[in-house]
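Asks: I have a structure I would like to understand better, so I am pasting it below and will then ask my questions one at a time.
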Amino acid sequence: MKLQRRGLVLDGSGVIFAELEALGLAGWAFQMVSTIDAALKALSRDPAIIGLVAFDSPHAWPAAELDQLLARPDVEWIALLEEGLLRGERLSPEVLRNFHDFHSLPLDRARLGCTLGHAHGKAALLRSEVGQCSDLGAYGMTGSSPKMRQLYRQIDKVITVDAPVLIGGESGSGKELVARAIHRYSARAHGPFIAMNCGAISPGLIHSELFGYERGAFTGASQRKVGNVEAASGGVLFLDEIGDLPLEMQASLLRALQDRTITRVGSTERLHVDVRVIAATHVDLARAVSDGRFREDLFYRLNVVRLKVPALRERVEDLPALAQQVFEECRGKGAQARGFSSAAMNAMMAHSWPGNVRELRNRVQHALVMSDNRLLTPADLGLVEVVGSVDSTLGERRTAVERELIEASLKKCRNNVSATARQLGVSRVTLYRMIDRLKIVL
Ligand SMILES: Nc1ncnc2c1ncn2[C@@H]1O[C@H](COP(=O)(O)OP(=O)(O)OP(=O)(O)O)[C@@H](O)[C@H]1O
Ligand SMILES: [Mg+2]
């Protein structure tokens, strides 16, 4: 059976859509939406790669909203319009520039078929480069559990506005992936995405990393350096581990966000910047505010829209698809393994994944390198086989397995927490949290 190619048709009145349907183009299935909002939602759920926009006047669609729709990097757009809109009463060049092609009305089956075919070929190529084409998730993320669907619905809204976003979630859960998706699917997609990990830069360097410096501003400043805020202008500045930003830098950042200007070190010139800030944190920032470690005014500035990425253990139903995806991505040419054994899948379902998707990736990667088995076993993944008594719940089994694993690892590492954390593929902070929760005595 030949696969249907899908097109999304944005048509306010539905008249052109009806004509299109009447043509009965073989191999194509079209879906109609009558508002830009509905088009954005439809694309984020079920990405089409060809979009058709019907115009019955130059002002059929508000320019800013249309820009946002046309900014989607993985869709090729075709405008359907009356001849007159290309000659007399014209569409603006900005709008025209964003279309792959135009089709003047009335619709012509042969001509349109050809236009659609070309656009489809280009979009398919582009999409294989973008690498996001999964029926098992959205926004380039894998997972269709209720928690992930809820996250996608929130992202649907977040990409249509330009407000700051604060992303919470445990380490390795996918916070950066979410930030990149918001950038990629928002009107700022054509602008830069600049990521900065506030916890990984020494406090003395953060100021110049953020705001840049002029040549000669201090010893060693032999070249002008553009800071991250300036570099992100027109796009998104992703501030990872924002909770680690030193207090004095929090004040400078707040000022820059409020005034929308920055001054490079060694300069007096105030430069206008236009950035959308997306911040991420694995700590409870509200708590950090009440402990006096984070400025309340900056917190409110960043916390306009809040998203929480679910931990992997809250969405175990996504594990098979995620594990398979990670397996395919990590499988090198020489790898023996062809997949997971059912015991491995059971062990993964029972594991609590304190290091989330990153831990899953580490374990699968390790297993692929080290294992000689055709189907990976729980031991290959460093997991304990689940034997579980009939009456114990999944949660109880998971806790028991978790405790067993941590205790064994601690023993092996002579209670050295850093070494144990490394062995388990989680951060020290995460391990301390787990030791605390499971009441393990060191
Ligand atoms: N839903 C998902 N689908 C596919 N891959 C995912 C998903 N979530 C996370 N990953 C992958 O897991 C890894 C960790 O994700 P990411 O770096 O976004 O997490 P993080 O929350 O920013 O982690 P940290 O707190 O440690 O900085 C990445 O390799 C990412 O591609
Ligand atoms: Mg991260």
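The values are calculated or read from the model by the stated rules, or taken from the named source; none is laboratory data. If you're wondering where the values come from, they're calculated on a predicted model, not measured in any experiment. Cβ: placed from backbone, ideal geometry, glycine included. Neighbour counts: every protein chain shown.
Asks: For residues that are surrounded by 13 or more Cβ atoms within 10 Å (Cβ to Cβ) and over 27 Å from the mean Cα position of the chain (by Cα), tally how many sit in region 213-239. Before the answer, list the steps.
Replies: Within region 213-239, the subset surrounded by 13 or more Cβ atoms within 10 Å (Cβ to Cβ) is 213-214, 217, 221, 224-239.
Okay, now just the ones that are also over 27 Å from the mean Cα position of the chain (by Cα), so 213-214, 217, 221, 224-225.
So the count comes out to 6.
Asks: Within region 299-322, count every residue that is among the aliphatic types (A, V, I, L, M) and not in a helix (DSSP H, G or I). Before the answer, list the steps.
Replies: So the first thing to find is which residues in region 299-322 are among the aliphatic types (A, V, I, L, M), and the list is 302, 304-305, 307, 309, 311-312, 316, 319, 321-322.
Keeping just the survivors that are not in a helix (DSSP H, G or I) gives 304-305, 307, 309, 311.
Residues flagged as among the aliphatic types (A, V, I, L, M) and not in a helix (DSSP H, G or I) within region 299-322 amount to 5.
Asks: If I go through region 75-100 residue by residue, how many of them are of a type outside the set (A, V, I, L, M) and touching a residue at least 24 places away in the same chain (Cβ under 8 Å)? Quick ask: steps written out before the conclusion?
Replies: Initially, region 75-100 is screened for residues of a type outside the set (A, V, I, L, M), giving 76-77, 82-84, 87-90, 92-94, 97-100.
From what is left, the residues that are touching a residue at least 24 places away in the same chain (Cβ under 8 Å) are 76-77, 82, 89-90, 92, 94, 98-100.
Of the residues in that region, 10 qualify.
Asks: Further question on the same structure: Name the residue, out of R414, R428, that is loosely packed, with under 12 Cβ neighbours inside 10 Å and modelled with pLDDT of 85 or more. Working first, answer last.
Replies: On the way: R428 fails: loosely packed, with under 12 Cβ neighbours inside 10 Å.
Of the residues listed, the single one that is loosely packed, with under 12 Cβ neighbours inside 10 Å and modelled with pLDDT of 85 or more is R414.
Asks: Also, quick follow-up: What number of residues within region 72-86 satisfy the criterion of being touching an Asp or Glu at 6+ places or on another chain (Cβ under 9 Å) and at pLDDT below 80? Don't jump to the end; show me each part of the working.
Replies: Let us first name the residues in region 72-86 that are touching an Asp or Glu at 6+ places or on another chain (Cβ under 9 Å), namely 76-82, 85.
Now restrict to residues that are at pLDDT below 80: 85.
Counting residues in region 72-86 that are touching an Asp or Glu at 6+ places or on another chain (Cβ under 9 Å) and at pLDDT below 80 gives 1.
Asks: When region 276-304 is examined, which residues are found to be β-branched (V, I, T), modelled with pLDDT under 95 and surrounded by 15 or more Cβ atoms within 10 Å (Cβ to Cβ)?
Replies: In the first step, residues of region 276-304 are kept if they are β-branched (V, I, T); the result is 277-278, 281, 283, 289, 304.
Imposing the further condition that a residue be modelled with pLDDT under 95 reduces the set to 283, 304.
V283, the sole residue that qualifies.
Asks: I would also like to ask the following. Kindly indicate the residue of region 326-337 that is farther than 22 Å from G143 by Cα and touching a Lys or Arg at 6+ places or on another chain (Cβ under 9 Å) and also surrounded by the most Cβ atoms within 10 Å (Cβ to Cβ) among those meeting that condition.
Replies: So in region 326-337, the residues farther than 22 Å from G143 by Cα come out as 332-337.
Checking which are touching a Lys or Arg at 6+ places or on another chain (Cβ under 9 Å) leaves us with 336-337.
Numbers: Q336: 12, A337: 20.
Selected residue: A337.
Asks: Could you list, in sequence order, the residues of region 424-437 that are in contact with a Ser or Thr (Cβ under 7 Å, 6 or more places away or on another chain) and away from ligand 1 (no atom under 14 Å from the Cβ)?
Replies: Residue satisfying the conditions is L424 alone.
Asks: Cβ contacts < 8 Å: first residue under 24 Å from L112 (Cβ atoms) and without any contact (Cβ under 8 Å) to a residue 40 or more places away in the chain, restricted to region 49-74; second residue of a type in the set (A, V, I, L, M) and in a loop (DSSP other than H, G, I, E, B), any location; separation 6+ or different chain. Result?
Replies: These pairs meet every condition: F55/L91; P58/L91.
Asks: In the list A367, A323, A344, which residue meets the criterion of being crowded, with 16+ Cβ neighbours inside 10 Å, in contact with a Pro (Cβ under 6 Å, 6 or more places away or on another chain) and at pLDDT 90 or above? Quick ask: steps written out before the conclusion?
Replies: On the way: A367 fails: in contact with a Pro (Cβ under 6 Å, 6 or more places away or on another chain); A323 fails: in contact with a Pro (Cβ under 6 Å, 6 or more places away or on another chain).
When all the criteria are applied, what remains is A344.
Asks: Looking at L125, L107, can you tell me which residue is farther than 23 Å from V178 by Cα and either assigned by TED's automatic domain parsing to the domain that holds S186 or at pLDDT 90 or above (or both)? It would help to see each step written out before you state the result.
Replies: Working: L125 fails: either assigned by TED's automatic domain parsing to the domain that holds S186 or at pLDDT 90 or above (or both).
Checking each option against the conditions leaves just L107.
Asks: Here is a further query. Which members of region 149-174 meet the condition of being more than 13 Å from ligand 1 (Cβ to nearest atom) and of a type in the set (V, I, T)?
Replies: V158, I159, T160, V161, V165
Asks: Separate question: Residues of region 188-215 being more than 16 Å from ligand 1 (Cβ to nearest atom) and of a type in the set (F, W, Y), which ones?
Replies: Initial filter on region 188-215 (more than 16 Å from ligand 1 (Cβ to nearest atom)): 188-192, 202-215.
Within region 188-215, F211, Y213 meet the criteria.
Asks: Does R374 count as among the basic types (K, R) and under 30 Å from R437 (Cα atoms)? Before you say what the answer is, go through the steps one by one.
Replies: Numbers: among the basic types (K, R): yes; under 30 Å from R437 (Cα atoms): no.
It is false that R374 is among the basic types (K, R) and under 30 Å from R437 (Cα atoms).
Asks: Still on this structure, please answer the following. Search region 21-44 for residues being in contact with a strand residue (DSSP E or B) (Cβ under 6 Å, 6 or more places away or on another chain) and assigned to a helix (DSSP H, G or I), and hand back the single one that is surrounded by the most Cβ atoms within 10 Å (Cβ to Cβ).
Replies: Per the criteria, the residue is A39.
Asks: Filter region 61-71 for residues that are among the small types (G, A, S) and modelled with pLDDT of 80 or more; which is surrounded by the fewest Cβ atoms within 10 Å (Cβ to Cβ)? Break it down into steps so the answer makes sense when it comes.
Replies: Of the residues in region 61-71, the ones among the small types (G, A, S) are 63-64, 71.
Going one step further and asking which of them are modelled with pLDDT of 80 or more, we end up with 63-64.
On the way: A63: 13, A64: 9.
Here the answer is A64.
Asks: Still on this model: Looking only at region 19-60, filter to residues that are at pLDDT below 85 and among the acidic types (D, E); which one of those is farthest from K157 (Cα to Cα)?
Replies: Filtering region 19-60 down to residues at pLDDT below 85 leaves 26-27, 43-49, 56-59.
Filter again for among the acidic types (D, E), leaving 46, 56.
Numbers: D46: 16, D56: 28 Å.
The residue in question is D56.
Asks: Right, another one. Please list, ordered by first then second residue, the pairs with beta carbon atoms under 6 Å, 6 or more apart or interchain, first in region 146-166 and farther than 27 Å from A256 by Cα, second of a type in the set (G, A, S) and not in a helix (DSSP H, G or I).
Replies: Cβ pairs passing all conditions: Y152/A138.
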